[in-house]
């Protein structure tokens, strides 16, 4: 499996492959998460580690745990870290998120996840087992992801994820079933005349019900990005 190093900023690299790559959704989720320098962060299903690495571009969190079940993904993250000059405070963790252990449970300020978008029993499965895990809920469904986030988060800690609009009800129900209250929702459209292709959702551990719906984010304007999308994505538009 061939791997390619890409520079995210001067001296900061991500290693991507055909299986463990990334798209604009990773840039949008990173921006939506509103991570802070004082935060202890965990990224579930990190893949090549694009979200933890994107957080290194500007005022990074104090520590990020990056969890993935696939050894190849963790190796790619480690390769990206090894080629980066900034010595990012990222701890790669190769394990099943349903069996997390030896982590500071109940202490995380922020958990992020760009999960498989397709349910395990939907769509056409690839013949490649790694692609199946990356794209379908094979190694844990949305309830498993929310349960892991709930276990990790501190009181009022935040859980941010992105997914396809058809999964919104599933995600909100799974959050609430695991003591995470949906608090902030933003829909993403490619153009003003197109239907949403993505949603960004933030939940808070043990918070009271109140959902804020933010203005829709439009990604494209003419042949380029809108000013807001460009500010969030930088060069992420080429993965749209």
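The values are calculated or read from the model by the stated rules, or taken from the named source; none is laboratory data. In this text, all values refer to a predicted model and were calculated from it rather than measured experimentally. All Cβ positions, glycine included, derive from the backbone under ideal geometry; neighbour counts span all protein chains shown.
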Open item on the list: Checking the conditions here, which among 134, 174 is at pLDDT below 95 and either under 27 Å from residue 197 (Cβ atoms) or assigned to a strand (DSSP E or B) (or both)?
Closed with: 134
Open item on the list: It is to be established whether one or more residues within the range 204-213 are under 18 Å from residue 142 (Cβ atoms) and surrounded by 14 or more Cβ atoms within 10 Å (Cβ to Cβ).
Closed with: yes
TODO: With the condition kept exactly as written, say whether any residue in the range 58-69 is surrounded by fewer than 24 Cβ atoms within 10 Å (Cβ to Cβ), in contact with a helix residue (DSSP H, G or I) (Cβ under 6 Å, 6 or more places away or on another chain) and under 27 Å from residue 220 (Cβ atoms).
DONE: no
Task: Single unsatisfied condition, residue 76 versus (1) under 21 Å from residue 20 (Cβ atoms); (2) touching a helix residue (DSSP H, G or I) at 6+ places or on another chain (Cβ under 7 Å); (3) surrounded by 16 or more Cβ atoms within 10 Å (Cβ to Cβ); (4) at pLDDT 95 or above - done: (2)
TODO: Out of the residues in the range 214-240 that are part of a strand (DSSP E or B) and crowded, with 17+ Cβ neighbours inside 10 Å, state the one that is modelled with the lowest pLDDT.
DONE: 225
- [ ] Test residue 106 against the criterion of being closer than 20 Å to residue 178 by Cα, touching a helix residue (DSSP H, G or I) at 6+ places or on another chain (Cβ under 8 Å) and in a loop (DSSP other than H, G, I, E, B), and give yes or no.
- [x] yes
Open item on the list: If a residue must be modelled with pLDDT of 95 or more and more than 21 Å from residue 158 (Cα to Cα), how many such residues does the range 192-213 contain?
Closed with: 4
Open item on the list: If I filter the range 4-12 for residues that are part of a loop (DSSP other than H, G, I, E, B), crowded, with 20+ Cβ neighbours inside 10 Å and on the phi < 0 side of the Ramachandran plot, do I get at least one hit?
Closed with: no
Open item on the list: What pairs come out if I take residues in the range 2-15 that are farther than 12 Å from residue 80 by Cβ and pair them with residues that are part of a strand (DSSP E or B) whose C-beta lies under 7 Å away, six or more apart or interchain?
Closed with: 2/17
TODO: Find the residue count for the range 16-44, including only residues that are more than 24 Å from residue 103 (Cβ to Cβ) and either without any contact (Cβ under 8 Å) to a residue 12 or more places away in the chain or part of a strand (DSSP E or B) (or both).
DONE: 2
